[in-house]
Amino acid sequence: MLKVIEVDSLLNIFVIIHLFGFSMPTKAQQCPLVEPFQPAIVDKSQLPMVMQHSLDQSPISLVNLWAVWCSPCRKELPMLVTLEQSKMHNITINTLHVGQSTSEVAQVVVDVGLQQLNKGFLSDISPMSAMGVYGLPVTLVAIKGEVKFIASGYLHHTAAEYKQWLVCLEESL
């Protein structure tokens, strides 16, 4: 009789949890968020194909959109190069230039050391306006191909701080 009561009690608890939506935070949600990143749900199919491809390159993918005329973009590029050079397992860092490919863009890519990171060009960021993105720089982080975090604006922390967060996300897989 005691075993039946225990099973009934556990069943009642399960029903209450299910009805009231109690949920434990996922491991990824337990990773301390680094500013300016915010949680986001993005329909990746609405993004340009070059972005979709960049977001699918590894279990954790960071894609930064920059432009040669954008001062904050150019200021954060060396940090992204340092972050990529830290050789994180299962984490890919990519950049995409917004605008035409010009000799000035090519020179910035060489000067900053973006040759390994820069994966192409976007004509504009208008497809991202539905996500509230209207300016640059903007950075997306995908987990298993799904965009989970977005940062609009300058990434002002060190490469080490972003690495710690990305590694935490990786360990939560």
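A few remarks follow.
Each row is one residue, and each column tells you yes or no for (1) closer than 17 Å to Ile41 by Cα; (2) not hydrophobic (A, V, I, L, M, F, W, C).
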site	(1), (2)
Ser129	yes, yes
Gly132	yes, yes
Glu146	yes, yes
Thr158	no, yes
Leu169	yes, no
Leu173	no, no
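- Within the stretch 19-58, if we keep just the residues that are surrounded by 10 or more Cβ atoms within 10 Å (Cβ to Cβ) and modelled with pLDDT under 85, the residue that is nearest to Met88 (Cα to Cα) turns out to be Ala28.
- Checking each residue in the stretch 81-125 for being over 26 Å from Trp165 (Cα atoms) and small (Gly, Ala, Ser) picks out Gly99, Ser101, Ser103, Ala106, Ser123.
- Strands (runs of 3 or more DSSP E) fully within the stretch 61-172 that include at least 1 residues being open to solvent by 10 Å² or more (accessible area, probe 1.4 Å), at pLDDT 95 or above and not charged (D, E, K, R): 91-98, 138-143, 146-152.
- First in the stretch 76-95 and touching a residue at least 60 places away in the same chain (Cβ under 8 Å) and β-branched (Val, Ile, Thr), second anywhere and in a strand (DSSP E or B) and open to solvent by less than 60 Å² (accessible area, probe 1.4 Å), Cβ under 7 Å, 6 or more apart: Ile91/Ile60
The values are calculated or read from the model by the stated rules, or taken from the named source; none is laboratory data. None of these values were measured; they are calculated from a predicted model. For neighbour counting, all protein chains shown are included, and Cβ atoms are generated from backbone atoms with ideal geometry for every residue, glycine included. Please note that ligands, DNA and RNA were not included when accessible areas were found on the heavy atoms of the full protein model with its side chains. Shrake-Rupley method; radii C 1.70, N 1.55, O 1.52, S 1.80 Å.
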